[in-house]
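Participant: The structure is given below, and queries will be raised subsequently.
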Amino acid sequence: MARLSVAQMRAHILQLSTGRNIRIEWRRDRDGAWAARSLNLISIPRIRSAINYAVALHEIGHLLGPGQRASRMRCERGAWRWAKTNAIAWLASMNKTERRSLAWCECNARRAKAVGKKPAGKGRGDRAQSARTH
């Protein structure tokens, strides 16, 4: 598969967000990203790699993707599905990021269920923590 340049990935995220009036909060740190549906806002690391690109697409997927009013895992899977469908190209490193993110969410959900709490990182539709590399 053809290699994407950082400039192409950054331009694609800006095109997607501008075309849908999505505001971007650029994070200085690499870890952690979220989306706020009620504000039409995503908070993402600067696009410096395919992984940052996947995370950005995933967060946009929380605003535009399928199943975003469902359970935590359905929201996450729907956002990743949207990201894959709308990416210019999907690279192996992006698959690894998706798998790690979903594994983190599943583990967090199991832990929260065991102690009778809601999973951390998502407040039912407004803020989604995602794509952490743990």
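Participant: Within segment 37-86, how many residues are of a type in the set (Phe, Trp, Tyr) and closer than 19 Å to residue 27 by Cβ?
Facilitator: The number of residues fulfilling the criteria is 1.
Participant: Among residues belonging to segment 39-83 that are among the basic types (Lys, Arg) and over 11 Å from the mean Cα position of the chain (by Cα), point out the one that is nearest to residue 94 (Cα to Cα).
Facilitator: If we take residues in segment 39-83 being among the basic types (Lys, Arg) and over 11 Å from the mean Cα position of the chain (by Cα), then 48 is nearest to residue 94 (Cα to Cα).
Participant: Moving to a separate point now. Count, please, the residues in segment 39-58 that happen to be within 16 Å of residue 8 (Cα to Cα), of a type outside the set (Gly, Ala, Ser) and in a loop (DSSP other than H, G, I, E, B).
Facilitator: 3
Participant: Conditions first: (1) modelled with pLDDT under 85; (2) crowded, with 18+ Cβ neighbours inside 10 Å; (3) in contact with a helix residue (DSSP H, G or I) (Cβ under 6 Å, 6 or more places away or on another chain). Residue 121 passes all but one, so which condition is the exception?
Facilitator: For residue 121, the exception is condition (3).
Participant: Select, from 12, 58, the only residue that is closer than 16 Å to residue 87 by Cα, in contact (Cβ under 8 Å) with a residue 60 or more places away in the chain, surrounded by 14 or more Cβ atoms within 10 Å (Cβ to Cβ) and touching a helix residue (DSSP H, G or I) at 6+ places or on another chain (Cβ under 6 Å).
Facilitator: 58 is the lone residue from the list that is closer than 16 Å to residue 87 by Cα, in contact (Cβ under 8 Å) with a residue 60 or more places away in the chain, surrounded by 14 or more Cβ atoms within 10 Å (Cβ to Cβ) and touching a helix residue (DSSP H, G or I) at 6+ places or on another chain (Cβ under 6 Å).
Participant: Here is a check on your reading of the model: is residue 56 in contact with a Leu (Cβ under 8 Å, 6 or more places away or on another chain), closer than 20 Å to residue 5 by Cβ and modelled with pLDDT of 95 or more?
Facilitator: So residue 56 fails the test.
Participant: Kindly establish whether residue 12 is closer than 21 Å to residue 95 by Cβ, outside any loop (DSSP other than H, G, I, E, B) and more than 14 Å from the chain's Cα centre (by Cα).
Facilitator: yes
Participant: Are any residues in segment 73-96 in contact with a helix residue (DSSP H, G or I) (Cβ under 6 Å, 6 or more places away or on another chain), crowded, with 18+ Cβ neighbours inside 10 Å and either on the phi > 0 side of the Ramachandran plot or assigned to a helix (DSSP H, G or I) (or both), and if so, which ones?
Facilitator: Of everything in segment 73-96, those that are in contact with a helix residue (DSSP H, G or I) (Cβ under 6 Å, 6 or more places away or on another chain), crowded, with 18+ Cβ neighbours inside 10 Å and either on the phi > 0 side of the Ramachandran plot or assigned to a helix (DSSP H, G or I) (or both) turn out to be 76, 79, 80, 82, 83, 94.
Participant: Yes or no: segment 26-38 includes at least one residue that is under 13 Å from the mean Cα position of the chain (by Cα), in a loop (DSSP other than H, G, I, E, B), of a type in the set (A, V, I, L, M) and within 23 Å of residue 105 (Cα to Cα).
Facilitator: So far as segment 26-38 goes, yes, one or more of its residues are under 13 Å from the mean Cα position of the chain (by Cα), in a loop (DSSP other than H, G, I, E, B), of a type in the set (A, V, I, L, M) and within 23 Å of residue 105 (Cα to Cα).
The values are calculated or read from the model by the stated rules, or taken from the named source; none is laboratory data. The model shown is predicted, which means the values in this text are computed figures rather than measured ones. With ideal geometry, Cβ positions are generated from the backbone for all residues, glycine too; neighbour counts draw on all protein chains shown.
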